[in-house]
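Just below is one structure, and these are the notes that go with it.
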Amino acid sequence: MSQIKYNVHSERAEEFIHDGEIRATLEYARENRNNRALIEEILTKAQEGKGISHREAAVLIEVEDKEIEERIFDIARRLKEHIYGNRIVMFAPLYLSNHCVNGCVYCPYHAKNKTIPRRKLTQDEIRREVIALQDMGHKRLALETGEHPKLSPIEYVLESIDTIYSIKHKNGAIRRVNVNIAATTVENYTRLKDAGIGTYILFEETYDRAAYERLHPTGPKSDWAYHTEAMDRAMLGGIDDVGVGALFGLSNYRYDVVGILMHAEHLEARFGVGPHTISVPRIRPADDIDPKDFPDAVTDEVFRRIVAVLRIAVPYTGMIVSTRESKRSRELVLDVGVSQLSGGSKTSVGGYAEDVDSTAESAQFDISDERTLDEIVGWLLELGYIPSFCTACYREGRTGDRFMSLAKRGLIGNCCAPNALMTLAEYLEDYASPAVKVAGGKMIDKLTRVIPSEKIRRITEENLKAIIEGKRDFRF
């Protein structure tokens, strides 16, 4: 019998992502999916906005009653509104290199794929990519690169970050660079922190160790424990904003929902700060990848339930959905928890400057939502959301426990709402189509008038006038 015990405070992955605890949780959830008294107790707790445990969340994932499901959606909707209001943060991925030494069977970058064109951007090519992104209106990027110690070492990533921050084109500037690269050392995380990154992002892919090891047969990423403990090392290296996630469709989604929440509980227990973001990608077609080869695909309906339950369980955390998802799917999950969206994305190396189609041979995965950033901004405005290009919290030092303290008390909106309006105004002045500019202007006028603080409202109005006059980069 295994001597490994579940320990949320442990430094060891096998103890804080404990297989026995997850399987016991899933059994508990199955046994109680129709336990009305317990479900009512969980929903009552959820309404308080302080989160629920991984076991309680597992029960809500299993609920069969449609009326209960609607209540879950309603609670998630209200919690998101309380903490994040109607703001949706916009970003784009930037792929630096697709050279990779790993054997991940769900990713076309895997080392044995001989059909995908391999490429690594030079610093001049990165400049062209960043200018193309700035000309779209983006202010926030997520750096992506395959794992290759020789061709994409940490020094290359650090140089690329410096290049990105240095580029000022017309009124464009990238103000926050998040980084999604392979698990590395505490020393390298400190170097990333010193380079001025925002959030360090790393997907677990699947928390099921047995499935993980089947899906990652070769390469450094095959070490499940080292990969799973990466966020701990990032925190020890000084990065206090980290983003977790799973690639749904690789394994049992119930297992991965519980794994995500146990990971969040562990970070909270050990470091006092849960994940800054949770990403919920689903597997997509790519160069030599067919989702039909993965039998655990998640339907849109289940996907919406996953997002709602995660929002309830960790209400303070930003939730990210990319252009992997269709317009319809994104609209469904925006309503129940998602707070960050990518727009106008390219998943191929060099795709922005060269305007490469999403189905290009060098793309990591096919894009479902191929609309331009302007089209997505217009769509969000039609739905009543504020498309936000804000990066103020990171630049004002509201990260880690400082951000979480405000978010958990529902106070982050005091800063975020006016910042969102001001960054939207920048976008409208510099990049928007005429119709989007009109719609966005109406939204800004309407919401500026209802800013609760007279002082903040007055300053916001003054800054909005200055933006029209050509000044940029105001923030609270």
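The values are calculated or read from the model by the stated rules, or taken from the named source; none is laboratory data. The shown structure was predicted, so the numbers you read here are calculated from the model rather than taken from an experiment. Here the Cβ is made from the backbone with ideal geometry for all residues, glycine too, and neighbour counts use every protein chain on show.
Just one of (1) surrounded by 21 or more Cβ atoms within 10 Å (Cβ to Cβ); (2) within 22 Å of Tyr394 (Cβ to Cβ) fails for Phe271. It is (1). Filter the stretch 172-193 down to residues that are in a helix (DSSP H, G or I) and among the hydroxyl-bearing types (Ser, Thr, Tyr) and give me whichever is farthest from the chain's Cα centre (by Cα). So, considering only residues that are in a helix (DSSP H, G or I) and among the hydroxyl-bearing types (Ser, Thr, Tyr), the one farthest from the chain's Cα centre (by Cα) is Thr190. The residues of the stretch 230-268 that are in a helix (DSSP H, G or I), buried (at least 20 other Cβ atoms within 10 Å of the Cβ) and aliphatic (A, V, I, L, M), listed by number, are Ala230, Met231, Ala234, Met235, Val257, Val258, Ile260, Leu261, Met262, Ala264, Leu267.
Restricting the stretch 228-281 to residues that are charged (D, E, K, R) and under 17 Å from the mean Cα position of the chain (by Cα) leaves a set whose member that is nearest to Pro295 (Cα to Cα) is Asp256.
Among the criteria (1) closer than 26 Å to Leu310 by Cβ; (2) touching a residue at least 60 places away in the same chain (Cβ under 8 Å); (3) assigned to a helix (DSSP H, G or I), the one Glu125 does not fulfil is (1).
Inspect all residues belonging to the stretch 95-113 and state whether any of them is part of a loop (DSSP other than H, G, I, E, B) and either hydroxyl-bearing (Ser, Thr, Tyr) or closer than 20 Å to Ala264 by Cα (or both).
Yes, there is a match, as at least one residue in the stretch 95-113 is part of a loop (DSSP other than H, G, I, E, B) and either hydroxyl-bearing (Ser, Thr, Tyr) or closer than 20 Å to Ala264 by Cα (or both).
Listed conditions (1) surrounded by fewer than 19 Cβ atoms within 10 Å (Cβ to Cβ); (2) part of a helix (DSSP H, G or I) are all met by Leu60, apart from (1). Does Val336 satisfy the criteria of being surrounded by fewer than 24 Cβ atoms within 10 Å (Cβ to Cβ), under 23 Å from Met262 (Cβ atoms) and touching a residue at least 12 places away in the same chain (Cβ under 8 Å)? Considered against the rule, which asks whether it is surrounded by fewer than 24 Cβ atoms within 10 Å (Cβ to Cβ), under 23 Å from Met262 (Cβ atoms) and touching a residue at least 12 places away in the same chain (Cβ under 8 Å), Val336 comes out as no. If Ala225 satisfies all but one of (1) out of contact with any strand residue (DSSP E or B) (no Cβ under 8 Å at 6 or more places or on another chain); (2) aliphatic (A, V, I, L, M); (3) assigned to a loop (DSSP other than H, G, I, E, B), what's the number of the condition it fails? The one condition Ala225 does not meet is (3).
Within the stretch 9-22, residues that are among the hydroxyl-bearing types (Ser, Thr, Tyr) reach partners that are surrounded by 19 or more Cβ atoms within 10 Å (Cβ to Cβ) with beta carbons closer than 6 Å, at six or more positions or on different chains, in the pairs Ser10/Phe16.
Checking every residue in the stretch 411-419 against the condition of being closer than 23 Å to Ile75 by Cβ, modelled with pLDDT of 95 or more and in a helix (DSSP H, G or I) gives zero matches. crowded, with 16+ Cβ neighbours inside 10 Å, modelled with pLDDT of 95 or more and under 30 Å from Glu469 (Cα atoms) - does that describe any residue in the stretch 177-191? Yes, some residue in the stretch 177-191 is crowded, with 16+ Cβ neighbours inside 10 Å, modelled with pLDDT of 95 or more and under 30 Å from Glu469 (Cα atoms). Out of Ile167, Ile161, one residue alone is crowded, with 17+ Cβ neighbours inside 10 Å and free of Cβ contacts under 8 Å to residues at least 40 places away in the same chain. It is Ile161.
The helices (runs of 4 or more DSSP H) falling completely within the stretch 292-388 that include 2 or more residues that are closer than 20 Å to Arg254 by Cβ map to 300-313, 327-334.
Kindly establish whether Ala92 is under 21 Å from the mean Cα position of the chain (by Cα), buried (at least 16 other Cβ atoms within 10 Å of the Cβ), outside any loop (DSSP other than H, G, I, E, B) and among the aliphatic types (A, V, I, L, M). Here the answer is yes, as Ala92 does meet what is asked. I'd like to check something: does the stretch 77-86 contain any residue that is buried (at least 22 other Cβ atoms within 10 Å of the Cβ) and assigned to a loop (DSSP other than H, G, I, E, B)? Within the stretch 77-86, none of the residues are buried (at least 22 other Cβ atoms within 10 Å of the Cβ) and assigned to a loop (DSSP other than H, G, I, E, B). The set of residues from the stretch 194-225 being more than 20 Å from Glu21 (Cα to Cα), touching a residue at least 60 places away in the same chain (Cβ under 8 Å) and within 22 Å of the chain's Cα centre (by Cα) comprises Gly198, Thr199, Ile201, Phe203, Lys221. Please find, within the stretch 358-380, the residue that is surrounded by the fewest Cβ atoms within 10 Å (Cβ to Cβ) out of those that are within 20 Å of Val321 (Cα to Cα) and modelled with pLDDT under 90. Looking at residues that are within 20 Å of Val321 (Cα to Cα) and modelled with pLDDT under 90, I get Thr359.
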